[in-house]
Amino acid sequence: MDIALSKEDRAFAEKLRGFFAEEVPADIRARLARGEHPTKDEVVTCQRILNAHGLAVPHWPVEWGGQNWTPLQRHLWSEEIALAHVPMPISFNTAMVGPVIANFGTDAQKQRFLPPTANADIWWCQGFSEPNAGSDLAALKTSAVRDGAHYVVNGQKIWTTLAQYADWIFCLVRTDPTVKKQQGISFLLVDLSAPGVTVRPIRLIDGSHEVNEVFFDNVRVPADQLVGEENRGWDYAKFLLGNERTGVAGVGLIKTRIARIKRLAGQAAAHGRPLVDDPLFRARLTRLEVETTALEMSVLRVLAREGRVGPGKPDPVSSVLKIKGSELQQEATELLVHVLGPAALAYRETADMPDRFAPLPEGALDALPTYFNWRKASIYSGSNEIQRGIIAKAILKF
Ligand SMILES: Cc1cc2nc3c(=O)[nH]c(=O)nc-3n(C[C@H](O)[C@H](O)[C@H](O)COP(=O)(O)OP(=O)(O)OC[C@H]3O[C@@H](n4cnc5c(N)ncnc54)[C@H](O)[C@@H]3O)c2cc1C
């Protein structure tokens, strides 16, 4: 659907499409097209290919590898990556810590961290949430106490995504416990190989290892790894979260899932007609597709407003995109399981029982884990309940 795209923007998107098809290894894209997840090596390989062509961090300042693209072009870039089944560059690097360092870091920090962050030579993880500080993030307790040229860090982070792959963690830490809670927080970069850091896996219902606990036991962090000013970390965290306005909708991802659902539903079932002939199924699929189109138009509307809200400032409408986007992403995973029927049960333990399910349809082994896994979409990036609170206050003015 190109409803709002000019000829130039369509050409821009087509150029990206051509690049992804030619330059990104076809086997990686084929695996992702089947609904499988990229490995760490695949993510790093693809990010390096994109970075070599100026396509890994287009939203960064130009001097650090960014592009002078319009907000719409940046959106098209992320859409085309999803549609081409290219693994997304590591969001902790490119969408989170990179822009914070580029905007608030010292020159030495920029030179030290930005090139390897863009090129995935460093894998970052995000150390914000704690056991009693999630939605109420400012309640965080992990402390950093200045001791000469170091901070001594003690405490615990939780739900740290892919910390098992990471080399470094960017943390919110409490540097002043005596002031209003938002005012005593700092933004600190910590080497995960430093003595006193422990990463412990959390096993999820889908069987995967995606999130972790990270413990800090008297970890000595050089003071030159503080980003910006001490006790201004809350401002930098807001800037970081404010950068993510429209990507949360995940329109490209939903579209790829709809395409897979259609492919599978069009195949003749073992006993009877293809599912796509069932009017109830068609109605559900159509509703998903129509709502995705509406979501895409809302994304384009928010992008058009970006100039008015100002860069780095959260647009409350992005809360609407977060809620609707996560709901549709989840609905697509549900529909995928529905289309696969009993074959969706053929995952992990049953995968070695091919006679019961053979031949397994495309992506069957990943559909149910993905369904479970995607329950997270309404929790992370600010839970949907929190987003409703933002909409009530900032848009409906309750
Ligand atoms: C898969 C996954 C990956 C994550 N990755 C990371 C990561 O890499 N780094 C990181 O720092 N964090 C990460 N998080 C943490 C995430 O940001 C928090 O889970 C989220 O902010 C919610 O916090 P909580 O889990 O402490 O729940 P709580 O804040 O305890 O909330 C519990 C429930 O109460 C509701 N609730 C809380 N406050 C309100 C309110 N004021 N109004 C209405 N309802 C409310 C919530 O919506 C939720 O349903 C991840 C989470 C998940 C699920």
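The values are calculated or read from the model by the stated rules, or taken from the named source; none is laboratory data. A quick note: this is a predicted structure, and the numbers were derived from the prediction, not measured. Counting neighbours? That spans all protein chains shown, and the Cβs are built from the backbone with ideal geometry, glycine included.
A few remarks follow.
- The requirement of being small (G, A, S), surrounded by 19 or more Cβ atoms within 10 Å (Cβ to Cβ) and part of a helix (DSSP H, G or I) is satisfied by G98.
- Applying the criterion of at least 2 residues that are closer than 24 Å to T161 by Cβ to the helices (runs of 4 or more DSSP H) found wholly in segment 1-71 leaves 26-33, 40-52.
- In segment 380-389, the residues that are assigned to a helix (DSSP H, G or I) and either near the ligand (Cβ under 8 Å from one of its atoms) or surrounded by fewer than 20 Cβ atoms within 10 Å (Cβ to Cβ) (or both): N384, E385, I386, R388, G389
- Total residues in segment 215-242, condition in contact with a Gly (Cβ under 9 Å, 6 or more places away or on another chain), surrounded by fewer than 19 Cβ atoms within 10 Å (Cβ to Cβ) and not in a strand (DSSP E or B): 6
- Pick from segment 83-95, criterion out of contact with any helix residue (DSSP H, G or I) (no Cβ under 6 Å at 6 or more places or on another chain) and assigned to a helix (DSSP H, G or I), ranking: surrounded by the fewest Cβ atoms within 10 Å (Cβ to Cβ): S91
- Residue within segment 218-236 that is under 19 Å from the mean Cα position of the chain (by Cα) and touching a residue at least 60 places away in the same chain (Cβ under 8 Å) present: yes
- If only residues of segment 346-369 that are modelled with pLDDT of 85 or more and not small (G, A, S) are counted, the one that is farthest from the ligand (Cβ to nearest atom) is L368.
- Selection count, segment 144-195, where residues are touching a Gly at 6+ places or on another chain (Cβ under 6 Å) and not in a loop (DSSP other than H, G, I, E, B): 8
- Residue list for segment 370-379, restricted to those being within 10 Å of the ligand (Cβ to nearest atom) and either on the phi > 0 side of the Ramachandran plot or buried (at least 16 other Cβ atoms within 10 Å of the Cβ) (or both): N373, W374, K376, A377, S378
- Failed item, numbered, when T106 is tested on (1) under 18 Å from the mean Cα position of the chain (by Cα); (2) more than 16 Å from the ligand (Cβ to nearest atom): (1)
- Every condition in (1) touching a Lys or Arg at 6+ places or on another chain (Cβ under 7 Å); (2) of a type outside the set (K, R); (3) assigned to a helix (DSSP H, G or I); (4) over 22 Å from I254 (Cα atoms) is met by E80 except one, and the failing one is (4).
- Residue in segment 155-168 that is β-branched (V, I, T) and over 25 Å from the mean Cα position of the chain (by Cα) present: no
- L114 vs. criteria within 30 Å of A259 (Cα to Cα), out of contact with any strand residue (DSSP E or B) (no Cβ under 8 Å at 6 or more places or on another chain) and away from the ligand (no atom under 15 Å from the Cβ): no
- Tally of residues being aliphatic (A, V, I, L, M) and on the phi > 0 side of the Ramachandran plot across segment 135-177: 1
- The residue of segment 117-147 that is nearest to I379 (Cα to Cα), among those that are near the ligand (Cβ under 7 Å from one of its atoms) and loosely packed, with under 14 Cβ neighbours inside 10 Å, is S135.
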